[in-house]
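Engineer: Here it is, the structure, as structure tokens.
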Amino acid sequence: MLFLVFYLAAVVAVVNAIIPLPCANVEDLRARECCPTPDYLGQNAGPCGSKLPESRGSCKAIEIPESEYNSSEKDVRKKWPIQYFKFTCVCNETFGGVDCGECSYAYNDNTTECTTKTLFPRLPVSEMSSNDWRVYHNALRSIKGSPARYMVATSPFSDDPQVVNDSLVQPTTYDLFVWLHHFVAKDNDITLNTDDFTDYAHEGTGFPTWHRLFLLWLEREIQIEISDHTFRLPYWDWTQPSQRESIFTRDKLGEHLNGEVVGDLFTNWETHCWEDITGKSYPIPICDPTVSSGETLRRCPCDTFCKKDNPNWPSEADVNDALAVKTYDDKPYDRYVPSRDNSFRNFMEGFVVNPDDCGSDPLCSIGKVNITRKLHNSVHILLGVGDVKDPPPFEYQGVMACVAASPNDPVFINHHANIDCILEKWLWENPNTPYPQCYKIRQGHRGNDYIVPFIPLYTHEDMFKTADNFGYECSTGSSYPLQLHAYNSIIIGMTAASVGLIMHVL
Ligand SMILES: [Cu+2]
């Protein structure tokens, strides 16, 4: 009987999915095909714009052998997106979007032809003018309220497209941003099989590349929302004491009043997909991104931890130590890489054990202990619980400490844009390093895995390139643009409205 209960539970250990708006219909779901026609580019544009005078892309079969996934598991994240779609658009280099009707990240030149390579800076928050903050606030507020270009199935995966279709909801763009992270990060495994640890974005080789695409996706949605293709997300360099606390004001990213976030942006700021999972059994329930979690946005529960002189903030030296690691990632390709010298990824993600912190714990020296207070992780912890040794109860914890739900706090964006800048530095300093190839890399994190759950499709290898391939770069602050390029470029534009405009022509 017990076996039966477990078996049934395993069958319903499911996750739902995201469906691009043009494919959110019974016919496409039945055909398992998402190759829309960008008919706004002309009549008879053809699927993926394939019949336009200059073909923009084509509808291609996804090359994942069906033997590589077990459809009875019903976890659509495995070998994404084959359980929902067997065909999607593959766009030519300069085009992008679900239907190839948009420009690619690199050629986003505000024309329909997408002929010019563009490059615009992501600014540090310290370089943002009050007008930049106004633009940024307006953008966030706008996407917090406007409908996303995707639907979310709130039913578990079903072979019956009608069931999936009937369960579709359309969240706002920002709430979908939160949902995407919850969807990939939630551990849905109730079989307790360690091989099935199911976080497709963290504690693995794909952590930096997953989050790179996540921010690019958001950046593009904002660009469309505010009709400004030059918009780039700002980054928050927390190694600089001058930047640490300076964003916590009402007109920037909010003040903390007894742990609650207050400020211009945060009036009626609902959170989603955030709940206390302590003591609850798996699977973590499917999140409906159109339903508020009922929790108010919380951050810095003990304000003292967020003070700029708290020694737990990562320092410039910490970042440089990580950058000195020349191996991108190593066995076992998770949080337990035994030496900090073996994995830039694990060091930057924050699971690296400093031998000085180990005390007398013998497991510590081989990494088998949860010391998570480094770089990326330490910022989540500082803003979420303050001190991991004695965390406050859930009702006081900040959302940044909850891995799955952390993007509810907009500071997530600027924090991860900074992490992305560190990745960027590493990529420039280690040119031509291939993305690691090893069968031990967890499913969903391998180089040729499609990054879950994005459509159009990108692999981790696709994202493992310097940011000029995606139309942005990290401005180094006031010296910008003088120190920008380590390669040939002609700068033909100058600072524009909100974020500065550099046209980059190769
Ligand atoms: Cu994350």
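Values quoted throughout were computed directly from the atomic coordinates according to the rules given, and no laboratory measurement underlies them. Keep in mind that what you see is a predicted model, and the values were worked out from it rather than measured. Here the Cβ positions follow ideal geometry from the backbone for every residue, glycine too, while neighbour counts run over all protein chains shown.
Engineer: How far apart, in nanometres, would the label points at Cys438 and Asp159 be if each is projected 7 angstrom from Cα along the Cα-to-Cβ direction?
Structural biologist: Going from the Cys438 label point to the Asp159 one covers 3.8 nm.
Engineer: For segment 81-210, what are the per-bin percents of Cα-Cα distances with bins 10 Å wide, up to the bin holding the maximum?
Structural biologist: 10, 21, 40, 22, 7, 0
Engineer: Can you list which of the chymotrypsin sites (Phe, Trp or Tyr not before Pro) found in segment 379-439 are DSSP loop residues with at most 14 other C-beta atoms within 10 Å?
Structural biologist: Tyr439
Engineer: Could you work out how far apart the two model spin labels at Thr476 and Thr296 are, taking each label as a point 7 Å from the Cα in the direction of the beta carbon, and quote it in nm?
Structural biologist: The two pseudo-label positions are separated by 4.4 nm.
Engineer: Would you calculate the convex hull of the Cα atoms in segment 238-328 and tell me its volume per residue in Å³?
Structural biologist: Considering the Cα atoms of segment 238-328, their hull volume per residue is 178 Å³.
Engineer: Take Cys59, Cys300 and order them by how many other Cβ atoms sit within 10 Å, fewest up front.
Structural biologist: Exposure proxy ranking, most exposed first: Cys59, Cys300.
Engineer: Using a 10 Å cut-off around each Cβ, can you sort Thr327, Thr111 from fewest to most neighbouring Cβ atoms?
Structural biologist: Listed from fewest to most nearby Cβ atoms, that is Thr111, Thr327.
Engineer: Return the subset of Lys79/Lys326; Lys308/Lys389; Lys79/Lys308; Lys307/Lys440 for which the Cα-Cα distance in this structure is over 32 Å, preserving the input order.
Structural biologist: Lys79/Lys308; Lys307/Lys440
Engineer: Taking 0.36 nm per residue of separation and subtracting the Cα-Cα distance, what length does fully extending Asn469 through Asn430 add?
Structural biologist: 12.4 nm
Engineer: Same structure, new question: With θ taken as phi - 60° and the coefficients 6.51, -1.76 and 1.60, list the Karplus ³J(HN,Hα) couplings across segment 256-270 in order, rounded to whole Hz; mark glycine and proline as x.
Structural biologist: 10, 10, 6, x, 9, 8, 10, x, 3, 7, 9, 5, 6, 7, 7
Engineer: Extending each Cα 7 Å along its Cβ direction at Thr249 and Glu54, get the distance between those two points in nm, one decimal.
Structural biologist: Placing both labels 7 Å beyond Cα along the Cβ direction yields 4.5 nm.
Engineer: Next question. Debye calculation, C-alpha points only, no solvent: report log10 I(q)/I(0) for segment 260-312 at q = 0.25 Å⁻¹, in the same order as the q values.
Structural biologist: So the normalised log intensities work out to -1.00.
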